[in-house]
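The values are calculated or read from the model by the stated rules, or taken from the named source; none is laboratory data. The shown structure was predicted, so the numbers you read here are calculated from the model rather than taken from an experiment. Neighbour counts are summed over all protein chains in view; Cβ atoms, including those assigned to glycine, are modelled from backbone coordinates with ideal geometry.
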Amino acid sequence: MADSSYILWDFDGTLGHRTGMWSGTLLEVLQSHGVGASLTIEQIRPYLASGFRWHRADVQHRSGTADEWWLELEPLFARVFREAAGLSQPQAAELAKLVRSTYLLPTQWQLFPDVRETLATLTAAGWRHVLLSNHVPEFRFIVQSLGLIDHFTLIFNSADTGFEKPHREAFENVRRSLPPHSKIWMVGDNFVADIQGAEQAGIPAILVRKSHPEAKRHTEQLTGVIAWLEEPD
């Protein structure tokens, strides 16, 4: 295989995940301060259905500092604490500042068990790997803490680029950074952001860990990606 064969990988839900994700993070903050004992992740989740940059993927976002990225989210977190847990505005605002450090706790991040085997097998077959994620500014730190960073040639994070998948420019940013005429595939667990986004940019894509009636290629296990990539063009 030529050196110009690349797989673009989504991260959350595809390669790794944070325990409880965002809803679980907010619940951890509450419970660590002796409030929200009766709340569940399912009760918090609806409050987070909007408000993140990836919920407005049709526009380019300003790329500022990591502090600015998190500051933008504090009103959302404070609202959850007020409305779901009944906290006062001052207490909610104070706890909202703690979401960042709680979310980034290395002990709360895990890889799926089939990740290392799959990446190693594909690397041996000549594929190079690129991360393409809608994520927090500290995404590289998360990947590094999981011992995964050496697998990747490039990392594209929406917090840095200003473009959230499925925005076409999120994919074009990657394409422009690779050698001309590179063979490129996308692998991810989100049909809209990863699969439709890639295919609309002319990149074939494989849906993993989830199913969707419109997905052309799908595999429950990450190792199933290997078989799809071995198919003749």
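Results, tabulated for the structure shown:
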quantity: The range 50-63, subset of a type in the set (A, V, I, L, M, F, W, C) and not in a helix (DSSP H, G or I), residue surrounded by the fewest Cβ atoms within 10 Å (Cβ to Cβ); calculated: 59
quantity: Condition check for residue 47: in a strand (DSSP E or B) and either among the hydroxyl-bearing types (Ser, Thr, Tyr) or in the same structural domain as residue 193 (by TED's automatic domain parsing) (or both); calculated: no
quantity: Search result, residues across the range 147-193 that are assigned to a loop (DSSP other than H, G, I, E, B) and of a type in the set (Ser, Thr, Tyr); calculated: 182
quantity: Cβ-Cβ under 6 Å pairs, at least 6 apart or on other chains, the range 194-206 side assigned to a loop (DSSP other than H, G, I, E, B), far side of a type in the set (Lys, Arg); calculated: 201/168
quantity: Per-region count, the range 26-51, residues more than 16 Å from residue 87 (Cβ to Cβ) and touching a residue at least 60 places away in the same chain (Cβ under 8 Å); calculated: 0
quantity: Top-ranked residue in the range 143-200 [being at positive phi and surrounded by fewer than 17 Cβ atoms within 10 Å (Cβ to Cβ); ranked as modelled with the highest pLDDT]; calculated: 147
quantity: Residues satisfying the stated conditions in the range 64-98, i.e. surrounded by 15 or more Cβ atoms within 10 Å (Cβ to Cβ) and outside any helix (DSSP H, G or I); calculated: 87, 98
quantity: Qualifying residue in the range 57-68 (condition: at pLDDT 95 or above, among the charged types (D, E, K, R) and not assigned by TED's automatic domain parsing to the domain that holds residue 168); calculated: yes
quantity: Single condition residue 212 does not satisfy, out of (1) within 18 Å of residue 129 (Cα to Cα); (2) in a loop (DSSP other than H, G, I, E, B); (3) touching a helix residue (DSSP H, G or I) at 6+ places or on another chain (Cβ under 6 Å); calculated: (1)
quantity: Test: residue in the range 6-19 that is more than 26 Å from residue 202 (Cα to Cα), touching a strand residue (DSSP E or B) at 6+ places or on another chain (Cβ under 9 Å), in contact (Cβ under 8 Å) with a residue 40 or more places away in the chain and outside any strand (DSSP E or B); calculated: yes
quantity: Matching residues, the range 189-233, being more than 23 Å from residue 170 (Cα to Cα) and acidic (Asp, Glu); calculated: 220, 230, 231, 233
quantity: Flag if residue 226 is closer than 20 Å to residue 122 by Cα, assigned by TED's automatic domain parsing to the domain that holds residue 119 and over 14 Å from the mean Cα position of the chain (by Cα); calculated: yes
quantity: Filter pass, residue 101 being free of Cβ contacts under 8 Å to residues at least 12 places away in the same chain and outside any helix (DSSP H, G or I); calculated: no
quantity: The range 104-142, subset assigned to a helix (DSSP H, G or I) and among the small types (Gly, Ala, Ser), residue surrounded by the most Cβ atoms within 10 Å (Cβ to Cβ); calculated: 120
